Amino acid sequence: MTPLNTAAERKRKTVLQTAAGLFFCFLLFRIWKCPFRLIFGIPCPGCGMSRALLALVHGDLKASLSFHPLLIPTALCLMLGVVFWKKNSRKAYRAVLYIWIAAMIILWLIRLVIFFETFTLSDLNGSLLGILVSYIPMPL
Ligand SMILES: [Zn+2]
């Protein structure tokens, strides 16, 4: 095995190892469902993005918006972020990033309120939190 000579080679190796590790974790834990939801039993801020993207790719804008209304704004923010990053305008980049984060959190909180309107403890079944809760003795 040859030693890695340049910083670029070391960086590439680190990126590849990280990607391989994440892929291994993905396979190990069978995380084709949301890892956040798998652990806590509640949806994460990005839950629905994949389904929204699939619906959008299939031309169903209405379904896409119902799965996650911030998919298109997220794509726009991403493009704006890349443009601002390339132009070295860090202030504009940060503004876009913070607006996007705020929008994601506000939408997540709204969706959690809707989610918890019909929430029961049995909704935690299958999540790691649900498994922990099942060990707590409940009064009858
Ligand atoms: Zn999620």
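Based on what the data block shows, is ALA75 free of Cβ contacts under 8 Å to residues at least 24 places away in the same chain, away from the ligand (no atom under 16 Å from the Cβ) and exposed (fewer than 12 other Cβ atoms within 10 Å of the Cβ)?
no
So which residues in the stretch 1-26 are loosely packed, with under 10 Cβ neighbours inside 10 Å and modelled with pLDDT under 85?
Within the stretch 1-26, MET1, THR2, PRO3, ASN5 meet the criteria.
Residue by residue through the stretch 41-64, note down the ones that are near the ligand (Cβ under 10 Å from one of its atoms) and not small (Gly, Ala, Ser).
ILE42, PRO43, CYS44, PRO45, CYS47, MET49 - these are the residues of the stretch 41-64 that are near the ligand (Cβ under 10 Å from one of its atoms) and not small (Gly, Ala, Ser).
So is ALA95 among the small types (Gly, Ala, Ser), out of contact with any strand residue (DSSP E or B) (no Cβ under 7 Å at 6 or more places or on another chain) and closer than 23 Å to CYS44 by Cβ or not?
no
Of these, LEU112, LEU97, which one is in contact (Cβ under 8 Å) with a residue 24 or more places away in the chain and surrounded by 10 or more Cβ atoms within 10 Å (Cβ to Cβ)?
The conditions single out LEU112.
The values are calculated or read from the model by the stated rules, or taken from the named source; none is laboratory data. Because the structure is a prediction, the values reported are computed rather than measured. So basically every Cβ, Gly included, is an ideal-geometry build from the backbone, and we count neighbours across all protein chains shown.
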